[in-house]
Amino acid sequence: MSIISEINSEFETHGSNSSFLLALSGGLDSTVLFHIMLKLDLDFSVAHANFGLRGKDSDEDEEFVKSLCRKFSIRCYTNNFNVLAHMSAHSSSLQMSARNLRYDWFYELIRKEKTDFIVTAHHLNDSMETFFINLIRGTGIKGLTGIDHQANVLRPTQSIPLDKIRGFAEQNSIIWREDVTNAEDRYLRNKIRHHVVPEIEKISSEFHDRFLDSISLLKKDAELIDDLVEDVRSRLFKKEKDFITISIASLEKIHSPNLIYHLFKPFGFLHPYEIEKLMAGRESAEITSEKYRLIKNRLILILKEIKKPSEVHYQILNLSDIHYPISLRFKKTLTEPSEISHFLDFAKIKFPLSLRVRKNGDKFYPGGMGGQSKKVSKFFKDLKLSKIEKENTWLLCDANDEIIGIPGLRWDDRFIATKDTKIWLQIEKLD
């Protein structure tokens, strides 16, 4: 099959009538793909990321891409990135920072321009190099399946070897930009490209085909594992309002650190022994990943997304109903209610009111305790509230930050209505 037919079949699989954004560096592989997409008369635009890492050469790459697009009247988007600053801010490698920057931008472009797919020119040799890189660094089965799959990203040349792409370019007099750093051996990928893959190709003339067969089998095995893990996760992970609970007893029945690893990997927890230590440790202990918290609460683990701290103090300027951060209904009356213990004495309250979360040392005088004070933390503990419930329980305070009560749980004895009350205030928690 010709290279054009191979690439066309990939586009037809996803709908050749779709719109595409081609990541064009100006190098051999992406420039060849650019010309083939022209021949196939596809609806596409181009995106070029300039990382400025090779000075004048980087700027000339950008100008080459712009000139090529002008020649064929193709829409062209370019962007300059400070990859070194990104590396410093995110403590990531050069390659990872460059990858994250460009893909974030690509996804932003296709959303803005309502484009269907990002197209990259990754070829068979890229997958082989990635395979050996991950093999050397140590990886699981997914790391051996080549280039990662990403949503809305097409790689129509992924099964085509580089020498076939080069041959097409030479036969069709296609001009491209050569990255001089590709000839250097300071990067692991280049060492594999120059010294490992060529030697294996000498050993077996069928290496490319056998490699593709092996990758296909590995992908099927990875899919089988994913299905198994998802089945176990669907049974063990119980979705609550804004968090997930997992029975510790159910987890303890899993005698496979590998399965625990796969269950929690999507949430950034990569060390099963830390999860096992958490399960066996003291109550209310927790571990965190970049985006999630995993908290032990008695017989369960609570998995909750880490969110940016919200305001911890909300002022209530009038007695209209509120719905954030919790829903409260206010009702003031001059008529004595039948159950005055459910009402507050309006005259004892200094306005404006506010809602806030608990602070260290907070105490109040819970109704029904004979005027005895109690730390809010101890009150929560007596109610056996989970760590998440404690963090999401709001205190209603007056203008002096005195705790009027904990809506839905208990009012402070100092503010509860008595037989001498003239104006009664009911505050009802609606959710």
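Peptides 317-324, 394-401 ordered by packing proxy, namely the average of other Cβ atoms within 10 Å per residue, highest first: 394-401, 317-324. Please give the Cα centre distance for the range 1-46 versus the range 317-383, rounded to the nearest Å. Cα centroid of the range 1-46 versus Cα centroid of the range 317-383: 66 Å apart. Residues whose amide H falls under 5 Å from that of W411, counting only those 5 or more places apart or on a different chain, are G367, I406, with hydrogens built in the peptide plane. Label-to-label distance for L94 and N318 is 6.3 nm, based on points extended 7 Å past Cα in the beta-carbon direction. Spatially close Lys pairs in the range 224-305, defined by Cα atoms under 14 Å apart and a spacing of eight or more places or different chains, total 7. Histogrammed with a bin width of 5 Å, the alpha carbon distances of the range 3-203 distribute as 1, 7, 14, 19, 22, 19, 12, 6, 1, 0 percent, first bin at zero.
Gain in length, E113 to E240, computed as 0.36 nm per residue apart minus the alpha-carbon separation, to one decimal in nm?
Values: separation 127, 0.36 × 127 = 45.72 nm, distance 3.66 nm.
Result: 42.1 nm gained on full extension.
Kirkwood-type hydrodynamic radius, the range 222-340: 17.4 Å, calculated from all non-identical alpha-carbon pairs. Using just its DSSP H runs of length 4 or more, each adding -39500 (n - 2.57), the chain gives a mean residue ellipticity at 222 nm of -12000 deg cm²/dmol after division by all residues. For the chain, a crude dipole built from +1 on the beta carbon of Lys and Arg and -1 on the beta carbon of Asp and Glu, taken about the Cα centre, is about 2180 debye to the nearest 20. Within a straight-line Cα-Cα reach of under 18 Å, K220 can be paired with the following lysines, leaving aside sequence neighbours fewer than 8 residues apart in one chain: K142. Protection proxy ranking, highest mean first, for peptides 367-375, 99-107, 174-182, 126-134: 126-134, 99-107, 174-182, 367-375, where packing is the per-residue count of other beta-carbon atoms within 10 Å, averaged.
Label-to-label distance for R137 and L270 is 0.9 nm, based on points extended 7 Å past Cα in the beta-carbon direction.
For the chain, the equivalent ellipsoid derived from the Cα gyration tensor has semi-axes of 62, 27, 19 Å, listed largest first. Annotation: peptides 42-53, 223-234, ranked by per-residue average of other Cβ atoms within 10 Å with the highest first, follow the order 42-53, 223-234. Label separation (K39 vs R166): 1.9 nm, computed from points 7 Å beyond Cα along the C-beta direction. The value for the range 313-429 of Rg(Cα) / (2.2 N^0.38 Å) is 1.02. Its alpha carbons considered, the range 290-360 gives a radius of gyration followed by a Dmax of 18.2, 55 Å.
Read the figures in this text as sums done on the coordinates, not as results from a lab. The structure displayed is predicted, hence computed values, not measured ones. Counting neighbours? That spans all protein chains shown, and the Cβs are built from the backbone with ideal geometry, glycine included.
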